């Protein structure tokens, strides 16, 4: 989680669809727009990172399961 009051701020120029920019101006006061946008981006990035982590875990699980199949024939053969 990002702590905004301790984070170094970086200015960026972005392009938004006009209707989205209008809605932002209508609904979020000037002084709160940067924080609102930062929190929205953070929330979406967290979701993307979660999905990527789940995919990585699933892939690792599949690799482990495939490798385990190779050893199925030797388990229980009396070798310790």
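Roughly how many nanometres apart are two label points built 7 Å out from the Cα toward the Cβ at residue 27 and residue 70?
Inter-label distance under the simple model: 5.3 nm.
Cut-off 18 Å, label point 7 angstrom out along Cα-to-Cβ of residue 7: give me the residues of region 18-46 whose amide nitrogen falls inside.
31-46, by backbone N distance to the label point.
Sort 30-41, 56-67, 10-21 by packing, meaning the average of other beta carbons within 10 Å per residue, with the highest value first.
Those peptides, ordered most packed to least, come out 30-41, 56-67, 10-21.
Read-outs: derived from the displayed coordinates by stated rules, not from any lab. All of these numbers come straight from a predicted model, not from anything done at the bench. All Cβ positions, glycine included, derive from the backbone under ideal geometry; neighbour counts span all protein chains shown.
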